[in-house]
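What follows is one structure encoded as structure tokens, with my remarks underneath.
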Amino acid sequence: MTRNKLYLLVISICSAGYIWIAYHLSRTESFVAGNESNLGFCLMRSITGVPCPSCGMTRSVTTLAHGHLSEALWWNPLGIIMFASMITFPVWILYDVIRRKDSFYKFFISTENFFRNRPVAIIAIILVIINWIWNIFKFL
Amino acid sequence: MEENKVDMFIMANGKYFESMQIPQIKDQLLKLDDSKWIMIQSMNLKDPTIMLVISVIVGQLGIDRFMIGDTGLGIAKLLTCGGLGIWTIVDWFLIQGITREKNLERLRQFIY
């Protein structure tokens with residue numbers, strides 16, 4: 001994956017994310033666990049009825065946008081990572097493009113290598129599974 | 001390397017690569033010396049068909065991306081619930097081609 005391809009991809013994903021969140025923020029409705037009209041298209045949920053580890057991300061990020069940290073943590077703790085990424089990545093990439101550097105690219109590669117380590121990967125997988133089980137218990 | 005060994009390799013492993021690349025691969029293998037034969041035999045290549053099956057079943061969790069080595073994209077796919085489902089579907093179509101490219105890269109590391 002080259003630097004420019006990566007930057008383009010991340011910008012596209014962040015843009016899609018922003019549009020998605022903006023759409024949800026503009027709708028004033030109450031979040032109910034399992035409320036179908038809120039949800040994105042989660043294949044696993046529509047086929048098996050079991051939520052996936054990142055169900056509740058949209059609700060988590062939108063409550064964070066309103067500033068409710070503990071509520072966001074309840075919906076999905078991974079939302080914090082998503083929120084922080086959506087804010088920092090576009091700014092970082094813009095900085096790199098203006099300064100003609102590749103610091104974000106290096107960050108991406110080093111993060112990939114970090115997670116490729118066996119112990120780190122196992123811990124991350126366990127955390128994701130715990131989050132998944134919690135999601136199921138919350139009837140997300 | 002002897003021609004019949006090369007032919008054997010290609011017959012056994014042709015499906016792991018794009019068909020357009022096979023003539024080039026054959027040329028390179030013929031130039032290679034025999035000591036690398038064992039290394040080539042034990043190379044860990046990913047089967048595109050298996051990757052497609054994985055992508056269809058658990059693609060939403062990004063497992064298909066993790067398996068072909070795209071760790072960063074796999075994490076992104078996992079965090080976004082399969083890119084709101086859209087990325088999941090897109091990857092159903094892309095995953096076989098990408099697997100074959102990655103296999104080719106791996107082979108290149110060995111034979112160049």
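The values are calculated or read from the model by the stated rules, or taken from the named source; none is laboratory data. None of the values given here were measured: they were computed from a predicted structure. Here the Cβ is made from the backbone with ideal geometry for all residues, glycine too, and neighbour counts use every protein chain on show. Heads up: the accessible areas ignore ligands, DNA and RNA and are worked out on the full protein's heavy atoms, side chains in. Shrake-Rupley method; radii C 1.70, N 1.55, O 1.52, S 1.80 Å.
Some observations on this one:
- Complete set of residues in the range A:95-112 that are within 20 Å of the chain's Cα centre (by Cα) and surrounded by fewer than 13 Cβ atoms within 10 Å (Cβ to Cβ): A:Ser110
- Restricting A:Asn76, A:Asn4 to those that are at pLDDT 80 or above and within 11 Å of chain B (Cβ to nearest Cβ) reduces the list to A:Asn76.
- Number of the exception - B:Val53 against (1) closer than 18 Å to B:Arg106 by Cα; (2) loosely packed, with under 15 Cβ neighbours inside 10 Å: (1)
- So B:Ser55, is it under 30 Å from A:Pro53 (Cβ atoms), polar (S, T, N, Q) and part of a helix (DSSP H, G or I): yes
- Total residues in the range A:82-98, condition among the polar types (S, T, N, Q) and out of contact with any helix residue (DSSP H, G or I) (no Cβ under 9 Å at 6 or more places or on another chain): 1
- The range B:58-88, subset outside any helix (DSSP H, G or I) and either facing chain A (nearest Cβ under 7 Å) or open to solvent by 30 Å² or more (accessible area, probe 1.4 Å) (or both), residue modelled with the lowest pLDDT: B:Gly85
- When residues of the range A:61-94 are limited to those that are out of contact with any Gly (no Cβ under 8 Å at 6 or more places or on another chain) and outside any helix (DSSP H, G or I), the one surrounded by the fewest Cβ atoms within 10 Å (Cβ to Cβ): A:Gly67
- Of all residues in the range A:113-125 being open to solvent by 90 Å² or more (accessible area, probe 1.4 Å) and more than 10 Å from chain B (Cβ to nearest Cβ), the one that is nearest to the chain's Cα centre (by Cα): A:Ile123
- Verdict on B:Glu18 being among the acidic types (Asp, Glu) and within 14 Å of chain A (Cβ to nearest Cβ): no
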